[in-house]
Amino acid sequence: MKQNNGRGKKKVIAGIAAVCAMATTLAGCGGDSKSSDTRLSSDGKPLVKIMALKQDTDIPAKDMVWTTELEKACDCHIEWQEVTSTSWNQQKNTTLASNDIADISLAGLFYAGQENSYPIFEDFSKHLDDMPNVKKFLENEPDAKLMVQNNEDGGIYSLPQDSGEWNDNSSQRMFINKQWLDKLGLKMPTSAEELLDVLRAFKTQDPNGNGKADEIPMDVRKLATDNFAWWDMFLMMNMTGIPTRLQGWPGPQGIYVDNGTVKDWVVSDEFKKVVKFYNTAMQEGLLPKDALTHDDSTYSTEREGDQKTGAATVGVSFEGTRYWYTDKLADQYTSLTPFAFDDTVDHPVWDTSSSRYGSGAVQVAKDAPNKATIWKIIDTMYSTDFAVQIKYGSKFVTKNSDGSYTIDPSKYDSSKEDKNTYTLNMSTYIPEDTVINGDVEKERTEEASEAFKAARANVNDKSYMPYYANASGSQDTELGSLYTNVMTYVMQTTGNWIQNGGIDKEWDDYVKKVNNAGLPRIIEIWQDIYDKQVKNRTE
Amino acid sequence: MRATNRNANAAGTEAGTASALVPDNRTLLRQRPLPVRIADYCKRYWQLWLMALPGVCFVALFSYVPMYGIQLAFRQYDPTKGLTGGRWVGFMYFRQFFNAPQFSNLLINTFRISLWTLVMGFIFPIILALLINQIGSTRVKGFVQTITYMPHFISTVVIVTMINIFLSPDTGMVSKLFGNANLMGQPNAFTPIYWITEVWQHCGWNCIIYLAALSSVDTALYEAAKIDGAGRLQLIRYVDIPTILPTCGILLILNMGNVLNVGFEKIWLMQNTLNQPASEVISTFTYKIGIVGNQFSYSTAIGLFNTVINFVFLMIANQVARKASDTSIF
């Protein structure tokens, strides 16, 4: 009798344990329904879910002061979700494919043109009356509107951002160590040959004066494996008269426009010249031996000079401003004015990227609840007070009594302990008549870009693919596989030529292979896009 | 058993009542109706089944149920229609893959890297196990074992960073032995660098199972062999190696199932523009096309191709092992 009872109890316990064990496998399940039109938090106020792209140094979004003020202004609760930019690259496509985007997406998660493949975004153009600040922005800056307007139905599925007129130039520039030039009694190079001579002098004559031959005459970032990247060594193409545009598609694949005809400079003779230039530099030891493969962190360390003595080590490189060489060494460097590569070039040009407008500031999910609250939130973000805080970080902004703003200089102090950034990597819209004092970045950029103004002016309107030319959904898929086939081969071969030479022998074979891999079809598609979207717009 | 039963029954019918008093339990049990047999089975073994149930549910839910997604390889994925709503296109993506210009290069690279790693990663742990087994003192043996399996726990990212530092031209420890050349930038050097570092990292861990097998050798065999005049090497050859041969066989079959699965992370981290002709493998290609390039159907087709090849290899290896040495997994 007793034994039977014991067995019965054991069975019950075993049964419960088994059910609990199985239930743990269901722990991963979950989800919420967005079936109703409103979503309320526990105290009855609307609850809005916002996802933002986070840089590694950002503080949590809810601690950025403007975010709490946003909640007050819209009388709601905001639930923040942040994704780091490194992991977003892999998550993005799967998030889109699962149709599971947040109510509002900020800071460059998605861009204009995404709606062609994934029609899950809300059309802002129908609701502009609910957002007067946004309406004013789009009216004042028609170029920004052009950038995001959908080419097929004229809707606006992603709001643009305006970083200010002083940003309307390429952030990719070339710099040279002026102190070294002065010390060796050399002039600024005005041709590729002269640049090679200057680099040779840097290598052999110890311009940083520390008795060691530790100078790196020219340093470049490693070649990416499937396209040309920002601050790439092929900015040199501009010296040959062909404008690059390494910022947005299809520039990284080498596409440019020559008076209305779309071409690709990876099969041009100018490309041959630039590759030969780098090969010569590599053979003579003017570039580091592992320049094409070294990690970006190694590159940054080389750029900062000798840690112990504080001497500079890099002579020429491609950066944003001279403060990228660290504040201590910045005074030694100056912008290198674009020169004509050789006698056959009439006018050098410069990279046609522009950092002024961005097309991915804000997107809204089509089926998000609490739409009225969402319009209020976005409108507040585009008001001037909030725009200044979003751009500079609430911590550093003080509003003066006359309506102007002052930025605290500690924001630009790179020697301070606190390396955090206090706002998202985005801006909204600051009207041109707003006075902002103390924007050190603006002064630095204006100073750095001065040398490139003349070259950029040499680029006529018909020589580059404008930023508003977008591929449609099906074109995107076809281009995707073509890009991989063509660019992987191009980058491999280019890397091999720079490291080991041999371009003259292998050039014809290379052009044939690139054409077989699909380059003519890429050019054909972009010519079609250019004809339909650019030629038809009146400037 | 059956033969004796038959004989017994025959004897029983012949002998008459004498054998009818001895019931044959086995046939009786087998002759009961099916529901009764099932009930009895459950009463006997329900604990074992309950123990296995969570695992079974887990594997069923997460490994078998998602298999319906394989149809993505045969459909043209349309984001608005979901996983199963795309148009049926049959083998189009497989044809696209076979006709892609990188196809032969991808396959050659994958096979070369994985076969080198497989063979070398198979031989060295055995040698290391045989060597460690020869160590007399248990303390020294334990110490050596711990030191050799420690690198197994270092993460791939750290290992590749170490490789980059050791091989960086002009400053790297190892590159000095090769005349300061940029080894990471040479396609020919990629496979050796890969398998040498693989073996170095995992040799100690993989030899643990062989050491376990070796510890089960009957010491009487050693003594018998020594009496017959065997030296150290002959002991290894005639006693140790036959002992671990079944273990070797099973591990080899298991690894053959991974032939085309060259690990993604390490290759991805070691890849750069210069060594790409030798370092682009199926897994990194699928990642670039599928996840970054947004072509889900195409990459599913490539992944399916990869898995089918692995499966065929596993089957072949299993058959060969069964014929050759009677050890096999199934």
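The values are calculated or read from the model by the stated rules, or taken from the named source; none is laboratory data. Only a predicted model underlies this, so the values are computations on that prediction, with no experimental measurement involved. Note: ideal-geometry Cβ built from the backbone for every residue, glycine included; neighbour counts use all protein chains shown. Note: accessible area is taken over every heavy atom of the protein model, side chains too, but ligands, DNA and RNA are not part of it. Shrake-Rupley method; radii C 1.70, N 1.55, O 1.52, S 1.80 Å.
Once the stretch A:430-459 is narrowed to residues that are more than 30 Å from A:SER394 (Cα to Cα) and either free of Cβ contacts under 8 Å to residues at least 12 places away in the same chain or touching a helix residue (DSSP H, G or I) at 6+ places or on another chain (Cβ under 8 Å) (or both), the residue that is least open to solvent (accessible area, probe 1.4 Å) is A:ALA455.
Among the helices (runs of 4 or more DSSP H) confined wholly to the stretch B:19-131, which include 1 or more residues that are closer than 30 Å to B:TYR149 by Cβ? First the steps, then the outcome.
On the way: elements: B:25-30, B:34-59, B:92-99.
Where helices (runs of 4 or more DSSP H) fall fully within the stretch B:19-131 and carry at least 1 residues being closer than 30 Å to B:TYR149 by Cβ, they are B:34-59.
Could you identify the single residue in A:PRO348, A:PRO369 that is in a loop (DSSP other than H, G, I, E, B), under 30 Å from A:ILE120 (Cβ atoms), open to solvent by less than 40 Å² (accessible area, probe 1.4 Å) and at pLDDT below 90? Residue meeting the stated conditions: A:PRO369. Of note, B:VAL199 does not satisfy the criterion of being closer than 24 Å to B:LEU128 by Cβ, outside any helix (DSSP H, G or I), of a type outside the set (Ser, Thr, Tyr) and assigned by TED's automatic domain parsing to the domain that holds B:TYR298. Only residues that are in a loop (DSSP other than H, G, I, E, B) and of a type in the set (A, V, I, L, M, F, W, C) were counted across the stretch A:244-289, and they come to 4. Filter the stretch A:43-82 down to the residues that are free of Cβ contacts under 8 Å to residues at least 60 places away in the same chain and among the hydroxyl-bearing types (Ser, Thr, Tyr), then identify the one that is most open to solvent (accessible area, probe 1.4 Å). Here the answer is A:THR68. Entry remark, the stretch B:53-80: residues being in contact with a Lys or Arg (Cβ under 9 Å, 6 or more places away or on another chain) and more than 10 Å from chain A (Cβ to nearest Cβ) number 1 in total. Against the conditions (1) assigned to a helix (DSSP H, G or I); (2) within 23 Å of B:PHE74 (Cα to Cα), B:ALA278 satisfies every one except (2). Taking into account only those residues within the stretch A:189-214 that are outside any loop (DSSP other than H, G, I, E, B) and small (Gly, Ala, Ser), which is farthest from A:VAL345 (Cα to Cα)? Restricting to residues being outside any loop (DSSP other than H, G, I, E, B) and small (Gly, Ala, Ser), the top hit is A:ALA201. In this structure, is B:GLY142 free of Cβ contacts under 8 Å to residues at least 24 places away in the same chain, at negative phi, in a strand (DSSP E or B) and not charged (D, E, K, R)? Spelling it out, it is not the case that B:GLY142 is free of Cβ contacts under 8 Å to residues at least 24 places away in the same chain, at negative phi, in a strand (DSSP E or B) and not charged (D, E, K, R). For the stretch B:286-330, the tally of residues that are closer than 25 Å to A:GLN90 by Cβ and assigned to a helix (DSSP H, G or I) stands at 20.
Looking only at residues in the stretch A:443-465 that are modelled with pLDDT of 80 or more and part of a loop (DSSP other than H, G, I, E, B), the one that is nearest to A:SER359 (Cα to Cα) is A:MET465.
Residues in the stretch A:210-233 that are open to solvent by less than 50 Å² (accessible area, probe 1.4 Å), away from chain B (no Cβ under 12 Å) and farther than 26 Å from A:PHE271 by Cβ: A:ASN210, A:GLU215.
If the condition is being more than 18 Å from A:SER87 (Cα to Cα), touching a Phe, Trp or Tyr at 6+ places or on another chain (Cβ under 7 Å) and within 12 Å of chain A (Cβ to nearest Cβ), then the stretch B:271-299 contributes B:ASN275, B:ALA278, B:SER279, B:PHE296, B:SER297, B:TYR298. You will find that of B:GLY172, B:GLY249, B:GLY231, the residue that is within 14 Å of chain A (Cβ to nearest Cβ) and small (Gly, Ala, Ser) is B:GLY172 and no other.
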